[in-house]
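In what follows, a structure is listed as structure tokens, so that the remarks can point back to it.
Taken together, the values in this text are just the output of simple stated rules run on the coordinates, not laboratory data. This is a predicted model, so every value here is computed, not measured. Note that each Cβ is placed from the backbone with ideal geometry, even for glycine, and that neighbours are counted across all protein chains shown.
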Amino acid sequence: MRVPEIPEEIAPAFRAGDPPAPAPVAARPLIRRSARAGARLADHDAASLAELLRKAGGTASAARAVAGKVVRHAFGAGPGAPAPAWDAPAIAALGVGAWAHEALLALDPGLSLEIAERAPSTDDTLRLVLRARDGALIESVLIPGPARTTLCVSSQVGCARACAFCETGRLGLARQLAAGEIVDQVRIARALAAERGGAPLRNLVFMGMGEPFDNLGEVLKAIRLLTDPRAFRFAPSHVTVSTVGVADKIEPFFREARAELAVSLNAPDDARRQAIMPVNARFPMAALKEALARSLPQGRRVLFEYVLFDGYNDAPEDADLLAAYVAGLRCRVNVIPCNPGPDPALRPPSAERLDAFVARLSGHGVTTLVRRPRGRDVGGACGQLAGIARLRPPSPA
Ligand code: SAH
């Protein structure tokens, strides 16, 4: 697949060390309409494609069969393969009857995003700024590892959740991403990963810009196409969706997706969580725990993310509170030293405090992992994604 790229002189450069975006950006709608859903092939999983074909005159079983052939043809080839042909002869060659041609050929198989900027980190992480057809900018981060490469995927343009420590939260929500725009982050990154020659892209984390549970329909559609064995073939266990804690979407998520769930906790009690995560007013920690306990499928576990802020939530007693909170839930806790974000008062703890916190939490029998920052030097680490603000012309002081 050819990855489209705009000429360098059009893409404003962002360099590591540039000052962060100036004032908080109000949640004004930068883009009025979202990309027209359904007009692109990648906006459809096999089920929604079959539904479209049924409306075009096929029987339910014929529509399902054609949809399966089409997703295999369009998305089943590996990352290095040339773009599959998309015209009447190519579709006929799949054994698809003439009745389905018009509806299929009305769908655009091309990419909905182009690369606006590549920001390679010294640690091999690659932050990508991607531009949608309507000019909206989002970011994805490619994170190579020894066995597999991970892509951090965005689910919205901006975010409405306004967490105090997160750059994306400053932007407000501009619009939802269509399923195809989520899938296309993966198509572009998969080709880049192959081109760079590292481990193949096999792991997806919905931890980029946006709150995936505020765009759950499109996120689920994208996940179904990405994990379809005929299409992109990602293992469901290698797809993780991270939520700020929108508790009433947890049950529908587990009902409709086989992917893994991560929940951003970030504080050990309601008062402190509320102060940095507005979502806690609507879904306090008890409600969140209750929804998890009720919805977590047999044999599955949730990953709690806990960002450590120096002197705020990183005391040994906070580890005790956290252990008490997660007790009784099948879970692991991912401890994340905070990256520089919008609030200068929120800083990462020292290595000693981090180690002490982790030891105390593990001492309670909680499976504890530490997430080392990747891509920090290019603003690509957790909580630093703010493509729109970066590429917008500076506002007059
Ligand atoms: N909206 C989703 C996914 C995006 S954030 C969510 O909140 O889970 C992905 C992860 O990055 C979350 O766990 C979030 O708490 C974390 N994060 C946000 N800002 C951060 C920062 N400044 N430093 C470290 N992690 C941060």
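For the range 244-337, the relative contact order works out to 36 percent when only alpha carbon pairs closer than 8 Å and six or more residues apart are counted.
P(r) tail for the chain, what percent of Cα pairs lie past 31 Å?
Summing the P(r) tail past 31 Å for the chain gives 38 percent.
Among beta bridges from DSSP that stay inside the chain, the antiparallel ones total about 45%.
Could you work out how far helix 285-295 tilts from the main Cα principal axis of the chain, as a 0 to 90 degree angle to the nearest 10? Tilt relative to the chain: about 40 degrees.
Applied to the range 356-362, the Karplus parametrisation 6.51 cos²θ - 1.76 cosθ + 1.60 on θ = phi - 60° returns per-residue 3J(HN,Hα) values of 5, 5, 5, 5, 5, 5, 4 Hz, with x for Gly and Pro. Among Asp343, Asp45, Asp184, the residue with the largest mean-square fluctuation in a Gaussian network model of the chain, with springs joining Cα atoms closer than 10 Å, is Asp343.
Unpaired cysteine residues in the chain (no second Cys Cβ under 4.7 Å): Cys152, Cys159, Cys331, Cys338, Cys382.
Modelled spin labels at Arg301 and Ala92, positioned 7 Å past Cα toward Cβ, are 5.6 nm from each other.
Each Lys and Arg adds +1 at its Cβ and each Asp and Glu adds -1 at its Cβ; summed about the Cα centre, the range 180-295 shows a dipole of about 380 debye. Rg/Rh for the range 262-397 (Cα atoms only, Rh after Kirkwood) is 1.01.
Positive end of the dipole of the range 46-113 (Cβ unit charges, origin at the Cα centre): among Ala63, Ala93, Ser112, the Cα lying farthest that way belongs to Ala63. For the residues Val370, Val129, Val333, a GNM of the chain with alpha-carbon springs under 10 Å puts the largest fluctuation on Val370. Over the chain, Cα pairs under 8 Å with separation of 6+ residues give a relative contact order of 18 percent.
Shown here: the range 119-228, whose C-alpha atoms stretch 36, 33, 24 Å along the first, second and third principal axes, sorted largest to smallest.
Which log10 I(q)/I(0) values, to two decimals, does the range 264-308 give at q = 0.33 Å⁻¹ under the Debye formula with one point per Cα? Debye output, listed in q order: -1.22. Converting phi to 3J(HN,Hα) with the Karplus coefficients 6.51, -1.76 and 1.60 and the offset θ = phi - 60°, the range 119-126 yields 10, x, 8, 5, 8, 5, 5, 10 Hz in sequence order, with x at every glycine or proline. Rounded to whole Å, the principal axis extents of the Cα atoms in the range 325-391 read 45, 26, 20, largest first.
When the inverse distances between all different Cα atoms of the range 207-258 are averaged and flipped, the Kirkwood radius reads 11.4 angstrom. Helix 46-55 versus the longest principal axis of the chain: what angle, 0 to 90°, nearest 10, using Cα atoms? Roughly 40 degrees, rounded to the nearest 10. Between helix 216-227 and the chain there is an angle of about 70 degrees, using the helix long axis and the longest principal axis of the Cα atoms. Of all the options Pro200, Pro337, Pro229, the one that moves most in a Gaussian network model of the chain with Cα springs shorter than 10 angstrom is Pro229. Give me the lysines in straight-line cross-link reach of Lys55: C-alpha distance below 28 Å, same-chain residues under 8 apart excluded. Hits, sequence-local ones excluded: Lys69, Lys221.
Less than 12 Å Cβ to Cβ from Leu41, Lys/Arg counted +1 and Asp/Glu -1: what total charge do the surrounding residues give?
-2
Between the residues Leu128, Ser155, Ala179, the greatest Cα displacement towards the positive end of the dipole of the range 118-198, with unit charges on the Cβ of Lys, Arg, Asp and Glu, is found for Ala179. Basic side chains Lys and Arg get +1 at the Cβ, acidic Asp and Glu get -1 at the Cβ, and with that the dipole of the chain about its Cα centre reaches some 900 debye. In the range 194-269, a dipole from Cβ-located charges (positive for Lys and Arg, negative for Asp and Glu) runs towards its positive end, and of Ser242, Val263, Ala222 it is Ala222 whose Cα lies farthest in that direction.
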